[in-house]
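A short write-up of the structure that comes next.
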Amino acid sequence: MDFSRVDLCAQDREFLDSARDFLAATVTEEALAREHETGDGFVEEFHLAMGKQGWLEREVTSAQDGGLTPLRRRIWDLERRRAKVPLVTWGGTIMILQAVRSYGSPELLEEVLPGVYSGEIRFAMGYTEPEGGSDIATCRTRAVRKGDGWIINGQKMFTTGAHNCRYIFLLTNTDPDGRKHRSLTMFLVPVDSPGIEIQGLRTVDGERTNITYYQDVYVPDRYRLGEVNDGWTVLNGPLTAEHGAGGVDPEGLSDISVMSGFGTRMAVSADAVTALAARPGPDGRRLIDDEAVAYRLGRAHARIEAALSTPSLFGRVAIAQTMRDLAPDLMDVLGVAAALPMRAAGAVEGTAEHLYRWAPLVGIYGGTVDVFRNMIAQYVLGLGRPNYSKPK
């Protein structure tokens with residue numbers, strides 16, 4: 001692994017300064033507090049400001065076409081993280097955008113791309129169903145031909161951001177008698193279509209996600225992405241990006257694992273707890289002088305460093321599992337202060353309380369930790385397909 005420092009030229013230093021100036025002028029603690037209360041993972045005024053200033057279009061455009069260079073894209077990523085800009089909705093939009101560009105008709109691209117660049121159009125993922133679990137190919141949401149369009153009926157779980165988006169990247173079944181992965185068709189469905197209902201759902205960590213219902217929703221055929229019954233091909237790119245199963249970054253500048261941003265948040269929490277443990281109490285004693293506390297904090301930092309240094313699918317599992325294992329330890333070290341929620345009086349910055357509630361969800365996003373362990377076993381280690389049949 002190369003830990004060398006990247007020296008910035010004058011132009012890149014100027015870019016860094018402009019990014020910091022923009023974020024300092026745009027991101028407010030009041031809006032961040034409001035986002036924490038809603039759990040949206042999205043602040044519209046931040047997003048529209050990024051669109052108005054051209055940040056969004058440059059981020060999703062290649063350097064050859066006037067977008068960000070790999071180095072500037074990395075700078076922009078890191079500065080937004082430091083400013084705590086919530087990027088759940090924009091991250092999903094970027095994943096879907098590659099499929100829309102590749103498989104959308106010219107008419108559809110003309111409709112959506114300007115709005116994506118301005119920040120007014122966002123996309124939500126419509127994959128998971130109530131009884132499907134992580135196997136999204138067992139899709140029961142039906143799309144049936146009607147004239148020049150389709151009638152869609154069904155239900156999706158965890159359509160995060162749908163209430164802040166204009167379109168849902170929707171997986172449907174167009175051939176119930178066909179083969180499992182050859183019966184699916186993808187659509188970019190306008191959220192304001194009659195027959196769509198969005199019902200909010202709060203997770204244990206306070207995140208707002210959604211259940212979406214589709215009752216006789218008519219969608220013109222121009223919103224179809226790719227060929228009929230070839231939706232798995234269309235879906236493959238966004239799924240690979242969400243899973244973090246892509247190849248090594250040729251520039252060596254991107255996150256080495258798709259969960260690295262979450263891992264950094266975990267590291268911030270561990271740092272905050274350690275700093276508190278190193279302060280003398282009213283009696284002059286420090287928590288960290290207790291050997292058991294020092295051992296647990298040392299183990300936490302060592303595991304976090306190892307997880308953040310683990311690439312690809314392995315890193316995704318390592319970060320999620322580390323967060324699940326260490327959050328209770330950090331809570332124990334803090335004692336009663338661990339019960340204080342984020343931004344409450346006396347709460348620790350980067351509070352372990354939120355990390356504790358958040359950890360189970362990180363191990364579910366885009367597929368459970370066990371699903372990714374199976375993917376590693378099957379596709380990386382060559383151990384064959386898992387056998388889920390009942391024991392004899």
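The values are calculated or read from the model by the stated rules, or taken from the named source; none is laboratory data. Small disclaimer: the values here were computed from a predicted structure and weren't measured. In this analysis, Cβ positions are derived from the backbone assuming ideal geometry, glycine residues included, and neighbour counts consider all displayed protein chains. What goes into the accessible areas is simple: the full protein's heavy atoms, side chains included, and nothing from ligands, DNA or RNA. Shrake-Rupley method; radii C 1.70, N 1.55, O 1.52, S 1.80 Å.
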Counting only residues in segment 142-156 that are more than 14 Å from Arg224 (Cβ to Cβ) and in contact (Cβ under 8 Å) with a residue 40 or more places away in the chain, the one surrounded by the most Cβ atoms within 10 Å (Cβ to Cβ) is identified as Lys156
Next on the checklist: Yes or no: segment 268-277 includes at least one residue that is in contact (Cβ under 8 Å) with a residue 24 or more places away in the chain, of a type in the set (A, V, I, L, M, F, W, C) and open to solvent by 70 Å² or more (accessible area, probe 1.4 Å).
Outcome noted: yes
Result of the Cβ filter at 7 Å on segment 376-388, keeping first residues that are open to solvent by 40 Å² or more (accessible area, probe 1.4 Å) and partners that are of a type in the set (A, V, I, L, M, F, W, C), at least 6 apart or interchain, is Val380/Leu313; Leu383/Ala377
Being of a type in the set (D, E, K, R), surrounded by 13 or more Cβ atoms within 10 Å (Cβ to Cβ) and in contact with a Lys or Arg (Cβ under 7 Å, 6 or more places away or on another chain) narrows Arg224, Arg208, Arg202, Arg296 down to just Arg208
In the set Thr28, Thr38, Thr61, the lone residue that is among the hydroxyl-bearing types (Ser, Thr, Tyr) and touching a residue at least 24 places away in the same chain (Cβ under 8 Å) is Thr38
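Each row is one residue, and each column tells you yes or no for (1) modelled with pLDDT of 95 or more; (2) closer than 24 Å to His36 by Cα; (3) β-branched (Val, Ile, Thr); (4) in contact with an Asp or Glu (Cβ under 8 Å, 6 or more places away or on another chain).
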position: Tyr295; (1), (2), (3), (4): yes, no, no, no
position: Ala302; (1), (2), (3), (4): yes, no, no, no
position: Ala306; (1), (2), (3), (4): yes, no, no, no
position: Pro311; (1), (2), (3), (4): no, no, no, no
position: Gly315; (1), (2), (3), (4): no, no, no, no
position: Leu330; (1), (2), (3), (4): no, yes, no, no
position: Ala347; (1), (2), (3), (4): no, yes, no, yes
position: Gly366; (1), (2), (3), (4): no, yes, no, yes
Flagged pairs (Cβ under 6 angstrom, 6 or more apart or on separate chains; first in segment 109-128, over 26 Å from Gln199 (Cβ atoms); second open to solvent by 40 Å² or more (accessible area, probe 1.4 Å) and modelled with pLDDT of 95 or more) are Tyr117/Glu57
Going through segment 60-76 in order, the residues found to be surrounded by fewer than 13 Cβ atoms within 10 Å (Cβ to Cβ) and among the hydroxyl-bearing types (Ser, Thr, Tyr) are Ser62
*Is it the case that some residue within segment 207-224 is closer than 24 Å to Ile304 by Cα, at pLDDT 85 or above and not β-branched (Val, Ile, Thr)?*
yes
Checking Ala320, Ala272, Ala307, Ala302 in turn, the sole residue that is in a helix (DSSP H, G or I), of a type in the set (Gly, Ala, Ser) and out of contact with any Gly (no Cβ under 8 Å at 6 or more places or on another chain) turns out to be Ala302
When restricted to Val219, Val258, the only residue in contact (Cβ under 8 Å) with a residue 40 or more places away in the chain, aliphatic (A, V, I, L, M) and not in a loop (DSSP other than H, G, I, E, B) is Val219
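Okay, residues lined up against (1) of a type in the set (S, T, N, Q); (2) closer than 17 Å to Ile364 by Cβ; (3) assigned to a strand (DSSP E or B):
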| site | (1), (2), (3) |
| --- | --- |
| Met125 | no, yes, yes |
| Thr128 | yes, yes, no |
| Gln155 | yes, no, yes |
| Thr159 | yes, yes, no |
| Phe169 | no, no, yes |
| Asp177 | no, no, no |
| Val189 | no, no, yes |
| Tyr213 | no, no, yes |
